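Everything on this sheet refers to the single structure shown next.
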Amino acid sequence: MSSLEVNLQHNMGNFHLDVNFSVPNSGITALFGHSGCGKTSVLRAVAGLLKTQKGMVSLNDTVWQQSNFFLATHKRPIGYVFQEASLFSHMSVKQNLEYGLQQIRREQRHLKMTDVIDLMGISNLLNRSTQHLSGGERQRIAIARALLTSPELLLMDEPLSALDYGSKQAILPYLENLHDELGIPSLYVTHDPNEAAMLADQMILLDNGKVVAQDTAANLLTRLDLPLASYDDAASILEGTISAHDATYHLTWISMDAGRVAVSREELPVGKIARVQIQARDVSLSRKFHSDTSIINILPVTVINTRDINDSQLIVQLELQDGQTMLSRITRRSGMTLDLKEGMQLYAQVKSVALIN
């Protein structure tokens, strides 16, 4: 059963919002699309910050909006994290967290403050002034404060957009842990496909106020009929299990039914489910298996489809033997040399693999 049901229609000048989707009762669902496509408007409507002209919003069969009924924001069991961390500057970190905790009655508190502090790795910041925190630290505090309201739904509006690259990389592991540790369903707004790939279980692609597609992140990222596959940083997500650690060469092997790939060694238990991200530009194709190469990640694949990206490059959609799909971005000249056809059996040579959880 879906946790969140959304069906909204709203006119804002020349922009018309018309969306209908459902969100699972666990995991992170990314609302993805370019700027101005309606992502934040949808999030604000779910939160009750935007009262749409028509529509329905319900969580776990409890109606928040329908016909002439509209539940105020403060009565909706949500946690909201904005692009900029809206912390109280006159309070310490601990006082900001306590403020979040005080927003709900004691009997409704499902999360302990100590657990949230440990989850977000902020125990060393509690006595600090919020004015002396980095951007990444501020966002971690903002997320922790939202969690301490014990929300049934977490809404995040591009929480990493104001951060530099280093701060983003520092906070991503904490966001990844939210799903594993808490299981609170989250609606996550982003325009960054790499963020969506790393964090989201499901993706909803918006364009011009409408839902273009909804599926698992792995499936949407590799569909050639959608714009994501044509991005310069187009990538694929593959899922497998940690199968072995190589102490000699400091590698961790991740196995799938279609083969295995290696990443730099990570101290993870054998048998743990893991996802990896592979950039399309890091995948070359060969008709034969090569052992005389520096590339150690080689997977047998089948060509599903191809599409020209520009005058010199094309994107190739590939299927692994276990049914998972991946992308390869190569030159049109290479495509002609290989004489690519649907159903052709090839080997995907993967130069780089990134573990994402």
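The values are calculated or read from the model by the stated rules, or taken from the named source; none is laboratory data. Just so it is clear, the model here is predicted, and its values are computed rather than measured. FYI the Cβ positions are ideal-geometry reconstructions off the backbone, even for glycines, and counts take in every protein chain you see. Keep in mind that these areas ignore ligands, DNA and RNA; they rest on the heavy atoms of the full protein, side chains included. Shrake-Rupley method; radii C 1.70, N 1.55, O 1.52, S 1.80 Å.
At a glance:
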| read-out | value |
| --- | --- |
| Residues that are under 20 Å from the mean Cα position of the chain (by Cα), of a type outside the set (S, T, N, Q) and open to solvent by 40 Å² or more (accessible area, probe 1.4 Å), drawn from region 138-175 | E152, A162, D164, Y165, G166, K168, A170, P173, Y174 |
| Inter-residue pairs, beta-carbon under 6 Å, first farther than 12 Å from P193 by Cα and in region 214-230, second open to solvent by 50 Å² or more (accessible area, probe 1.4 Å), 6+ apart | L224/N305; L224/R307 |
| Test: R260 is more than 22 Å from Y174 (Cα to Cα) and in contact with a helix residue (DSSP H, G or I) (Cβ under 7 Å, 6 or more places away or on another chain) | no |
| Matching entry among D257, D308 (being among the charged types (D, E, K, R) and under 21 Å from D201 (Cβ atoms)) | D257 |
| Selection within region 75-97 - in contact (Cβ under 8 Å) with a residue 40 or more places away in the chain, open to solvent by 40 Å² or more (accessible area, probe 1.4 Å) and either of a type in the set (G, A, S) or more than 13 Å from A146 (Cβ to Cβ) (or both) | Q83, E84, S86, F88, S89 |
| Every residue from region 4-55 that is open to solvent by 60 Å² or more (accessible area, probe 1.4 Å) and closer than 17 Å to L220 by Cβ | H34 |
| Matching residues, region 186-204, being open to solvent by 10 Å² or more (accessible area, probe 1.4 Å) and more than 10 Å from the chain's Cα centre (by Cα) | H191 |
| Inter-residue pairs, beta-carbon under 8 Å, first in contact (Cβ under 8 Å) with a residue 40 or more places away in the chain and in region 3-29, second open to solvent by 70 Å² or more (accessible area, probe 1.4 Å) and among the basic types (K, R), 6+ apart | L8/K54; Q9/K54; H10/K54; D18/K210; V19/K210 |
| Residue that is most open to solvent (accessible area, probe 1.4 Å) [pool: residues in region 320-357 that are outside any strand (DSSP E or B) and closer than 28 Å to P173 by Cβ] | K351 |
| Subset tally (residues that are within 16 Å of Y347 (Cβ to Cβ) and open to solvent by 30 Å² or more (accessible area, probe 1.4 Å)) for region 287-309 | 13 |
| Any hit, region 236-252, residues being in contact with a Gly (Cβ under 7 Å, 6 or more places away or on another chain), without any contact (Cβ under 8 Å) to a residue 60 or more places away in the chain and of a type outside the set (G, A, S) | yes |
| Unique match (being among the aliphatic types (A, V, I, L, M) and part of a helix (DSSP H, G or I)) among V57, V63, V42, V19 | V42 |
| Extreme residue, modelled with the lowest pLDDT, among residues of region 34-52 that are small (G, A, S) and farther than 16 Å from L155 by Cβ | S35 |
| Output for region 270-286, where each listed residue is closer than 19 Å to T337 by Cβ, open to solvent by less than 10 Å² (accessible area, probe 1.4 Å) and either assigned to a strand (DSSP E or B) or of a type in the set (V, I, T) (or both) | V283 |
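For every residue, the table says whether it meets (1) of a type in the set (D, E, K, R); (2) at pLDDT below 90; (3) within 26 Å of the chain's Cα centre (by Cα); (4) closer than 30 Å to Q131 by Cα.
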| site | (1), (2), (3), (4) |
| --- | --- |
| N14 | no, no, no, no |
| V57 | no, no, yes, no |
| T73 | no, no, yes, yes |
| I78 | no, no, yes, yes |
| Q83 | no, yes, yes, yes |
